[in-house]
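Here the structure comes first, spelled out in structure tokens, and everything after it is commentary.
The values are calculated or read from the model by the stated rules, or taken from the named source; none is laboratory data. Please read these numbers as outputs of a predicted model, since none were measured by experiment. Here Cβ is always computed from backbone atoms with ideal geometry, including for glycine, and neighbour counts include all displayed protein chains.
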Amino acid sequence: MFDIIKTQLEGGILVFPSILILLMVFAYLIFRIVHSLSSPSDKTGEEEFEQLLRDAGYSYDPSQDIFCARMDAWQRKYGYCRLYDEAAAPAGIIIDAEPVHFEYGGKRWMLEFWKGQYGLNTGCEIGVYNTEEPDFIIPNLFSGAFYKCVDNANRLMLEYTLYKNGNQLFQRKGKHWWLAGFKPGLFSEPSELTMRIQVVFHDAGMCRSFIRAMKRIGYKEHEIRTNGITAEFLFDKPHTPQPLSRTEETDWIIQRNNERLCDRFQEITRDCGNWPEKLSAILEEEPLLYEAVVNVGKTRKIFKAFEKLKSYL
């Protein structure tokens, strides 16, 4: 049986049987794989981590250990409709949503605020949208408005601070169309989270229209501070109806899985010094958790409804 791996001399040339060549190639590949995993915190690891975030639409803020939405995030082309909020809970995202609709400059506008548990991340968002199109109806699927993410000229100066049970988690500020932030590995119930929000509008007329819309959905005048073009308020308990896909029973089941993911993440990464090390440890100990790490915030699953809507837009 050993004859198959003997070398042979033919015409003065040493010839290796094909099985031996395959074994040598396999050994080389194993060496390359082991070598690549043995140094996860080098420059290449950092670059790979940053590329993963860019592909997901985010960047990393090391000072607060949060993932932040990029200005050029791929999510921008998908706009907004109510179906996205309905798709969140089935995708493992349990968040409070507060859409505020108002009119300004011949367009219908919407600012929406979100806070809660995005799978492995505790986070929050502010999205700015508008449309000049009427509502549309797709039988057995959707009826209502489809909003576009605002262009650069219509971005607003946004600011928020996120608190959990009164303790500050992180804050963000910037002129944006989607000011989103997510803290990985932290578990929260949406009811534990509060956003202190400030929005600077284009002018006093826009600010007044927004504040009137806030009052229509149930905010009291004393709950909104304004200097004429700025509105500041607290987003705690939502005033608007929540998605039908959220129920007490299913929220509990999904949140227990999210809590388990966060606990496992903390357990695996507790001795890691940076994100490349964390990703390497997760790949080694629990590869199935890796997908939850790199799928930050609202994943592509949320926007699958867009494929059904785009032919009507």
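Inspect the stretch 258-267 for any residue being at pLDDT 90 or above and touching a Lys or Arg at 6+ places or on another chain (Cβ under 9 Å) and give the result as yes or no. Walk me through it before giving the result.
First, pick out the residues of the stretch 258-267 that are at pLDDT 90 or above: 258-267.
Going one step further and asking which of them are touching a Lys or Arg at 6+ places or on another chain (Cβ under 9 Å), we end up with 265.
Among the residues of the stretch 258-267, at least one is at pLDDT 90 or above and touching a Lys or Arg at 6+ places or on another chain (Cβ under 9 Å), which makes the answer yes.
What residue, among those in the stretch 177-210 that are out of contact with any strand residue (DSSP E or B) (no Cβ under 6 Å at 6 or more places or on another chain), in contact (Cβ under 8 Å) with a residue 12 or more places away in the chain and among the charged types (D, E, K, R), is surrounded by the fewest Cβ atoms within 10 Å (Cβ to Cβ)?
Going through the qualifying residues, I end up with D203.
Identify, by number, the condition in (1) of a type in the set (A, V, I, L, M); (2) modelled with pLDDT of 90 or more; (3) touching a Leu at 6+ places or on another chain (Cβ under 8 Å) that V15 doesn't meet.
(2)
Do you know which residues across the stretch 216-230 are of a type outside the set (A, V, I, L, M) and either part of a helix (DSSP H, G or I) or touching a residue at least 60 places away in the same chain (Cβ under 8 Å) (or both)?
Going residue by residue through the stretch 216-230, those that are of a type outside the set (A, V, I, L, M) are 216, 218-223, 225-228, 230.
If the condition is that a residue be of a type outside the set (A, V, I, L, M) and either part of a helix (DSSP H, G or I) or touching a residue at least 60 places away in the same chain (Cβ under 8 Å) (or both), then R216, E221, H222, E223 are the ones that fit.
Which residue is farthest from L186 (Cα to Cα), if the candidates are limited to the stretch 78-105 and must be aromatic (F, W, Y) and touching a Gly at 6+ places or on another chain (Cβ under 8 Å)?
Taking the stretch 78-105 as the starting set, the residues that turn out to be aromatic (F, W, Y) are 78, 80, 84, 102, 104.
Within this subset, residues satisfying the condition of being touching a Gly at 6+ places or on another chain (Cβ under 8 Å) are 80, 104.
Numbers: Y80: 27, Y104: 38 Å.
Per the stated criteria, the residue is Y104.
In this structure, is A213 under 28 Å from K175 (Cα atoms) and in contact (Cβ under 8 Å) with a residue 40 or more places away in the chain? Full working, then the answer.
On the way: under 28 Å from K175 (Cα atoms): yes; in contact (Cβ under 8 Å) with a residue 40 or more places away in the chain: yes.
Answer is yes for this residue.
Okay, residues lined up against (1) out of contact with any helix residue (DSSP H, G or I) (no Cβ under 6 Å at 6 or more places or on another chain); (2) over 23 Å from L234 (Cα atoms):
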residue: I66; (1), (2): yes, no
residue: D72; (1), (2): yes, yes
residue: D85; (1), (2): yes, no
residue: I94; (1), (2): no, no
residue: Y129; (1), (2): yes, no
residue: N140; (1), (2): yes, yes
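For the stretch 98-119: of the residues being in contact (Cβ under 8 Å) with a residue 40 or more places away in the chain and not in a strand (DSSP E or B), which is surrounded by the fewest Cβ atoms within 10 Å (Cβ to Cβ)?
Per the criteria, the residue is G105.
Which of the following residues is surrounded by 13 or more Cβ atoms within 10 Å (Cβ to Cβ), of a type in the set (F, W, Y) and either at pLDDT below 50 or not in a helix (DSSP H, G or I) (or both): F67, F31?
Working: F31 fails: surrounded by 13 or more Cβ atoms within 10 Å (Cβ to Cβ).
Criteria check complete, one pass: F67.
What's the total number of residues in the stretch 120-177 that are among the small types (G, A, S) and part of a strand (DSSP E or B)?
Filtering the stretch 120-177 for residues among the small types (G, A, S) gives 123, 127, 143-145, 153, 166, 174.
Now narrow it down to the ones that are part of a strand (DSSP E or B): 123, 127, 143-144, 174.
So the count comes out to 5.
Which residue is nearest to V128 (Cα to Cα), if the candidates are limited to the stretch 70-97 and must be in a strand (DSSP E or B) and of a type in the set (A, V, I, L, M)? Walk me through how you get there before you give the answer.
Here is the first cut: in the stretch 70-97, the residues in a strand (DSSP E or B) are 80, 93-97.
Narrowing the set further to residues that are of a type in the set (A, V, I, L, M) leaves 93-95, 97.
Values: I93: 20, I94: 21, I95: 18, A97: 14 Å.
Checked the stretch 70-97; the qualifying residue nearest to V128 (Cα to Cα) is A97.
Before we move on, is I197 part of a strand (DSSP E or B) and aliphatic (A, V, I, L, M)? Reasoning before the result, please.
Details: part of a strand (DSSP E or B): yes; aliphatic (A, V, I, L, M): yes.
The answer is yes for I197.
Output the residues belonging to the stretch 244-260 that are part of a helix (DSSP H, G or I) and either in contact (Cβ under 8 Å) with a residue 24 or more places away in the chain or of a type in the set (S, T, N, Q) (or both). Outline the logic, then answer.
Of the stretch 244-260, the ones part of a helix (DSSP H, G or I) are 248-260.
Listed by number, the residues that qualify are T250, D251, I254, Q255, N257, N258, E259.
Just name the residue that is farthest from I95 (Cα to Cα) out of those in the stretch 245-295 that are aromatic (F, W, Y) and in contact with a helix residue (DSSP H, G or I) (Cβ under 7 Å, 6 or more places away or on another chain). Write out each step before concluding.
The first filter runs over the stretch 245-295 and keeps only residues aromatic (F, W, Y), leaving 252, 265, 275, 290.
Okay, now just the ones that are also in contact with a helix residue (DSSP H, G or I) (Cβ under 7 Å, 6 or more places away or on another chain), so 265, 275, 290.
Working: F265: 20, W275: 26, Y290: 22 Å.
Among those that are aromatic (F, W, Y) and in contact with a helix residue (DSSP H, G or I) (Cβ under 7 Å, 6 or more places away or on another chain), it is W275.
Checking the conditions here, which among D263, D271 is part of a loop (DSSP other than H, G, I, E, B) and either free of Cβ contacts under 8 Å to residues at least 60 places away in the same chain or not aliphatic (A, V, I, L, M) (or both)? Can you show your working first?
Values: D263 fails: part of a loop (DSSP other than H, G, I, E, B).
None of the others qualify; the one that does is D271.
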